[in-house]
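FYI, it's all coordinate maths here, none of it is from the lab. Everything quoted here is computed from the prediction, not taken from an experiment. For neighbour counting, all protein chains shown are included, and Cβ atoms are generated from backbone atoms with ideal geometry for every residue, glycine included.
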Amino acid sequence: LLESGKLVTGQVVVPVACDNLTSEILNEEMEKIEQADVLLIMTCAFGVQTVSSQLKRMVVPALDTLFIGKETAYGQFNEICTQCGTCIIGETGGICPVTNCHKGLVNGPCGGTNQGKCEIDNNKDCAWTLIYNRLTELGRLDSMRKLQGPRNFLGEPTPGKYQISKS
């Protein structure tokens, strides 16, 4: 930015930009923030919205959220959750069939799996083979007998709001 002639008024690393600590750090950095016309934020969209909601400044994302994933090797990331709202990983040994199966099947493999590989991508392990092996390893193969209801593809009103009640 400096090489492009932009004035950088400050920088800060927030451990997690989507929790209450964000407010505290923004307050500590407010003098520098007030000198800025725009804040460039290197976080997911949730972090950008969290910061934006607390400031009267333009907040611009430096990143583009693709998915919730994990780093498997330096610079290589695998999607692990699509946030479908109908999570069944408690029944599938912690492996998500919605995310890991190209077809998003929730009641077992399609007819095209071949020697444990996906029919759409022969280099990819079939999600349901992985689930079968994992449940076998855990002694929980009986979990595969539970029939999952059809997924609701109609969508939900957005943004979603949820209230957790105290019992």
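Could you please tell me the mean projected area of the C-alpha convex hull for the stretch 85-145, averaged over all directions and given in square nanometres to one decimal?
Answer in nm², one decimal: 4.0.
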(Q) Quick query: amide H of residue 39 versus all other amide H atoms, modeled in the peptide plane; which residues come in under 5 Å with a sequence gap of 5 or more or a different chain? (A) 58, 59, 60
Q) Of the residues 116, 75, 108, which exhibits the maximal mean-square fluctuation in a Gaussian network model of the chain defined by a 10 Å Cα contact cut-off? A) 75
Q. With the chain treated as a Gaussian network of Cα nodes joined by springs under 10 Å, which of 89, 131, 25 yields the largest mean-square fluctuation?
A. 25
Q. Where nothing but the Cβ of Lys and Arg (+1) and of Asp and Glu (-1) is charged, how large is the charge dipole of the chain around its Cα centre, in debye to the nearest 20?
A. 720
**Q.** Cβ-based net charge around residue 119, under 13 Å, with every Lys or Arg adding one and every Asp or Glu removing one
**A.** +1
Q | Relative contact order %, the stretch 85-145, counting alpha carbon pairs below 8 Å whose residues are six or more apart | A | 33
Q: Could I have the simple spin-label model distance between residue 81 and residue 46, label points 7 Å from Cα toward Cβ, reported in nm to one decimal?
A: 0.7
**Q.** Two-decimal log10 I(q)/I(0) for the stretch 10-61, as the Debye equation yields it once each C-alpha is a single scatterer, q = 0.15, 0.26 Å⁻¹
**A.** -0.32, -1.09
Q) In straight Cα distance, which lysines are under 26 Å from residue 117, not counting same-chain residues fewer than 8 positions off? A) 70, 103, 146
(Q) Using a Gaussian network model on the chain with a 10 Å cutoff between Cα atoms, which of 22, 129, 82 fluctuates the most? (A) 22
Q: Taking just the C-alpha trace of the chain, give me its Rg and Dmax in Å.
A: 21.8, 63
